[in-house]
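The numbers here are math on the coordinates, done by the rules we state, and not lab data. Predicted model only: the values in this text are computed from it and were never measured. Backbone-built Cβ (ideal geometry, glycine too); neighbour counts: all protein chains shown.
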Amino acid sequence: MTYPTDRPRRLRSSAAMRRLVAETRLDASDLVLPMFVREGATEPNPILSMPGVVQHSLDSLRRAISEAAEAGIGGVMLFGVPLEKDAVGSGATDENGILNVATRAAVAEAGDSLIVQTDLCLDEFTDHGHCGVLRVSAGSAGSITETTVEVDNDATLLRYRDMAIVQAEAGSQLLGLSGMMDGQVAAVREALDAAGHDTAILAYSAKYASAFYGPFRDAVQSSLVGDRRGYQLDPANRREGLREALTDIAEGADIVMVKPASGYLDVLSDVAAASSVPVWAYQVSGEYAMLEAAAANGWIDRGRAIEESVLSIRRAGADAVLTYWAVELALSLRRR
Ligand code: PBG
């Protein structure tokens, strides 16, 4: 019998030893909480597919922001749920639109305690539910006339530029560009600079056309018909995720993001290795819902699974993580 000379178990021998040699740590300041605010709501409204997550009223938003600040998380990402929608998403550029009203309330509540971020995308505000404005073209195939509807990239950029200025004026400190239009970072940066706003840009660079956004669409009462495969990335593509991130950095993104997180750790790792700016990841609604559902059935240890899932995302290269568990996790880290 020959004995192994290489014994990695020495460094796993006690909790104190494991803590000392841990390569990755979780810290409240690296967590960002996505939050939904519903126009006209007087009470927080539970989201069925995301147990524990609500659509906030303005009052409950303020309370939740103060709890988030108390928990020490790094920031919040706001999404608006308007009562009325139209083809161009007018509510997005209305200073009295729900997202912009909520932003002012959140910034006033948060002060310097955390960074208030806003979703810069049209899908919550359009009646067709797409992330941009549509172009309808009629072509004819044989004797039948075919109508194709697609998102008009460059017309959408004009909407994003206006949206960026309204959000910056409402006090957003970080604009989350999640629409996946080509050139969106450069377009928004130019518009902000021209208007004298130095607001930072978080680019959802490698955002995949994922089934894991399902519960989110409930959360924002999405009107989407069809899918987003014409503009979000194909889950089959790894190299393209890196390409998107590098393009966004070249266009002036201050932070780049990979989304979803758990199924895309390879992309996250690639982007983290190549990026000159911070890299974030979004642990999306479907990742949340799956784990909550398994835990509710007693099939998984909820607390440990939450921590392991976020730790894995950090280990793969995310500097910060958007997660619906941000506040809960921050509080549990403190109790150790
Ligand atoms: C688009 C947006 C989406 C999410 C964040 N921003 C939905 C989509 O692209 O369909 C999904 C987030 C989640 O699933 O938690 N505004």
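Numbers at a glance
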| read-out | value |
| --- | --- |
| Pairs, first touching a residue at least 60 places away in the same chain (Cβ under 8 Å) in the range 11-23, second outside any helix (DSSP H, G or I), C-beta under 6 Å, six or more apart | none |
| Which listed residue is aliphatic (A, V, I, L, M) and within 12 Å of the ligand (Cβ to nearest atom), from ALA261, ALA191 | ALA261 |
| Subset of the range 20-72 that is among the acidic types (Asp, Glu) and in contact with a strand residue (DSSP E or B) (Cβ under 7 Å, 6 or more places away or on another chain) - its residue that is farthest from ALA316 (Cα to Cα) | GLU39 |
| The one condition in (1) touching a strand residue (DSSP E or B) at 6+ places or on another chain (Cβ under 9 Å); (2) within 16 Å of the ligand (Cβ to nearest atom); (3) of a type in the set (Gly, Ala, Ser) that GLY286 fails to fulfil | (1) |
| Residues within the range 69-91 that are closer than 30 Å to ALA211 by Cβ, more than 17 Å from the chain's Cα centre (by Cα) and in contact (Cβ under 8 Å) with a residue 12 or more places away in the chain, tallied | 9 |
| All positions within the range 61-120 that are farther than 17 Å from LEU33 by Cα, out of contact with any Gly (no Cβ under 9 Å at 6 or more places or on another chain) and surrounded by fewer than 18 Cβ atoms within 10 Å (Cβ to Cβ) | ASP86, ALA87, ASP94, GLU95, ASN96 |
